[in-house]
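Just so it is clear, none of the values below were taken in a lab; they were calculated from the coordinates. Since this is a predicted model, take the numbers as computed values, not measurements. Cβ placement follows ideal geometry from the backbone for every residue including glycine, while neighbour counts extend to all protein chains displayed.
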Amino acid sequence: MNRFNVLKVIFLILILGLLSGCSKSSGSYYKEGMKYFNNGNYAEAEVNLAKAIEINPERAEYYINYGMTLIMLEKGDQALLNFDKAILKKDNAIVNKNNKLAYRGKGIAFLKAHQYAEAIKQFNTALKIDELSDLNMDILYYKANAQEAAGYYKEAAETYSIILEENSKDADIYSSRAFAYRKLGDTKKSVTDYDQAISLAKTKYDYY
């Protein structure tokens, strides 16, 4: 190999090295996407999270947070497809955590699509998973909203009661349960809950 060819090979190696060094990893795209998501820039979050999945399609958390981004962009059908990709039929702590988040995401997507019965089903599945128990209250809020929107006032009142067992100072939940009781025709319980809501948030005149 003559001197010119040797220099040409070295040059190509250097160029390839620079190109590989400039390429971003899936983790970098994911972090960038989550930064945009947390700042409310969902369009940019979508672009970066999609790129992260393209580079590494094996990470459940990529699909879950991409799904949540798609919900914010009102692309519920696409969100559901991504949540399904995150759900695995395995029984270990990491998989269970991801599955719980994915079922929660599916519930929110169905709730926003006004498919309330399906939303409740997904929230119930998420609640059956023991991991991430600190997320249960959040899921119960969504479940109660779906039940109320579906006209399942008895079930909604029961869910609100479960929430109040953990958080007895939530005026909005007392008000929501009061509404459910009113729709059920139980004026006494309704008024009692509205009174409790007023005692906790005296300046919220909707309760009056």
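Listed values, structure above:
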| item | result |
| --- | --- |
| R0 of 41 Å, Cβ-Cβ distance Leu73-Lys189: FRET efficiency to nearest 0.05 | 0.55 |
| The chain, dipole about Cα centre (Lys/Arg Cβ +1, Asp/Glu Cβ -1), debye to the nearest 20 | 600 |
| Residue among Tyr153, Ile94, Pro57 farthest towards the positive dipole end of the chain, charges placed on Cβ | Pro57 |
| Projected label distance in nm at Glu131 and Glu44, using a 7 Å step from Cα toward the beta-carbon | 3.2 |
| Segment Thr203-Lys169, extension gain: residue separation times 0.36 nm, minus the distance between their alpha carbons | 10.7 nm |
| Electrostatic dipole magnitude of the range 28-86 [Cβ: Lys, Arg +1; Asp, Glu -1; Cα centre; debye, to 20] | 140 |
| Entries of Lys106/Lys154; Lys35/Lys121; Lys97/Lys169; Lys24/Lys89; Lys24/Lys106; Lys143/Lys183 with Cα pairs more than 27 Å apart | Lys35/Lys121; Lys97/Lys169; Lys24/Lys89; Lys24/Lys106 |
